[in-house]
1. Residues that are at pLDDT 85 or above, part of a helix (DSSP H, G or I), open to solvent by 10 Å² or more (accessible area, probe 1.4 Å) and closer than 23 Å to Leu195 by Cα: does the stretch 292-301 have at least one?
2. Suppose we keep only residues that are under 14 Å from Pro123 (Cα atoms) and over 34 Å from the mean Cα position of the chain (by Cα) within the stretch 95-113. Which one would you say is most open to solvent (accessible area, probe 1.4 Å)?
3. Among the residues of the stretch 132-187, write down those that are acidic (Asp, Glu) and in contact with a Ser or Thr (Cβ under 8 Å, 6 or more places away or on another chain).
4. Considering only the stretch 184-200, state which residues are touching a helix residue (DSSP H, G or I) at 6+ places or on another chain (Cβ under 8 Å), at pLDDT below 90 and either surrounded by fewer than 22 Cβ atoms within 10 Å (Cβ to Cβ) or closer than 27 Å to Thr61 by Cα (or both).
5. What is the number of the single condition among (1) at pLDDT below 85; (2) closer than 30 Å to Leu319 by Cβ; (3) of a type outside the set (S, T, N, Q) that Ala85 does not meet?
6. Would you mind finding the one in Ile177, Ile203, Ile181 that is in contact with a Leu (Cβ under 8 Å, 6 or more places away or on another chain), among the hydrophobic types (A, V, I, L, M, F, W, C), crowded, with 17+ Cβ neighbours inside 10 Å and in the same structural domain as Ser44 (by TED's automatic domain parsing)?
Amino acid sequence: MTSSSSGSSALPPIQYFRITRHRRIAWWGSLAACLISLVGIGLSWLNPAIGAPLKPGLDFTGGTRIQLERACYPSCSGITVPQVAEQLESLKLPSEEGAAAPALRGAPVQVLDQGRSIELRLPILSAVQGTALIGQLATSLGPFKDGGTSVDTIGPTLGAQLLRSSLLSLLVSFAAIALYITFRYDKIFAFLAILCLAHDVLITTGLFAWLGLLLGIEVDSLFAVALITVAGYSVNDTVVVFDRIREQKESLGAFPFSDQVDVAVDATLTRSLYTSLTTLLPLLGILFFGGSSLFWFSVALTVGISVGSWSSIGVAPTLLPLLSGKGFVGSAQSDGAAPAGSA
């Protein structure tokens, strides 16, 4: 008659795979993604045209955003970003109170909806200058729909205030999450949960650093909201696995810690994947059908949640045996085998 001090004579069968056997792939993949992200952030910071970890949008720098909807049916003649940029450079805007008209060379331009809509991100323009710009563009790119023109202006003071508020909200939310995890778990669990949070936020931020460098993609206040959401999702997903490890500690205490991690990840894998999938489905709907204003917001959430699922399955659990000092002894045992001395 066999018995075990833990009350269990055999390890529960592993239905999917043993994550600890693939830990090096998970570690190297995450390390490579983090290094690439750090390089992108560093290059963005050193780029004279950006001078920041990410390329800030009008929400943070101030400026005028103009969106023009062309009046063309059933289809619009094709226009390209270089054509619109060339038209901008040739415009002559009136000066205001003796000040020279702002330079429009190099202003970010987007052509949307197969040429039906044009979005311009410009230096701050007065009402007279904005009207003149739209009127001159109408002769070469129009006609534009009545009521289809949108002009938004954010002053530099408001932009700086929005930047400070966004950074403060990020710091407060991350600090609150760190405190919660620290009080709920012991120091190793808390450290790994916070490490995964930093991992997910870093990779999401690094992606947008590269997008800013290569495609001129800017970040706005919605990006800060996306990062806070990603941080909360990352911690929630990691906590699910950690809770499972703690719950089974008594019943599987006689088995190597790496085996306990494998059982916990295997037991929560389906839940984690289903949760991620049901979260990603509406985001994909926004991504493809939500329009230009929400496109990059949904990209940030989609990437962040995908990376968060990966870190909660492949990074945090596999590092736990290593950092807890219990190592990976017995991780190569066959599925369901009892450890030596458990009989």
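The values are calculated or read from the model by the stated rules, or taken from the named source; none is laboratory data. Quick caveat: nothing in here was measured; it's all calculated off a predicted structure. Here the Cβ positions follow ideal geometry from the backbone for every residue, glycine too, while neighbour counts run over all protein chains shown. All accessible areas refer to the heavy atoms of the entire protein, side chains included, with ligands and DNA or RNA removed. Shrake-Rupley method; radii C 1.70, N 1.55, O 1.52, S 1.80 Å.
1. yes
2. Restricting to residues being under 14 Å from Pro123 (Cα atoms) and over 34 Å from the mean Cα position of the chain (by Cα), the top hit is Ala100.
3. Of everything in the stretch 132-187, just one residue is acidic (Asp, Glu) and in contact with a Ser or Thr (Cβ under 8 Å, 6 or more places away or on another chain), namely Asp152.
4. Within the stretch 184-200, Arg184, Tyr185, Ile188, Ala190, Phe191, Ile194, Leu195 meet the criteria.
5. (2)
6. Checking each option against the conditions leaves just Ile177.
Quick grid of which residues meet (1) part of a strand (DSSP E or B); (2) at positive phi; (3) touching a residue at least 24 places away in the same chain (Cβ under 8 Å); (4) not basic (Lys, Arg):
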| residue | (1), (2), (3), (4) |
| --- | --- |
| Glu86 | no, no, no, yes |
| Gln114 | no, yes, yes, yes |
| Leu120 | yes, no, yes, yes |
| Leu133 | no, no, yes, yes |
| Phe174 | no, no, yes, yes |
| Ala178 | no, no, no, yes |
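Each row is one residue, and each column tells you yes or no for (1) within 21 Å of the chain's Cα centre (by Cα); (2) open to solvent by less than 40 Å² (accessible area, probe 1.4 Å).
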| site | (1), (2) |
| --- | --- |
| Ile36 | yes, no |
| Ile41 | yes, yes |
| Asn47 | no, no |
| Ile50 | yes, yes |
| Pro53 | yes, no |
| Leu58 | yes, yes |
| Thr64 | no, yes |
| Thr80 | no, no |
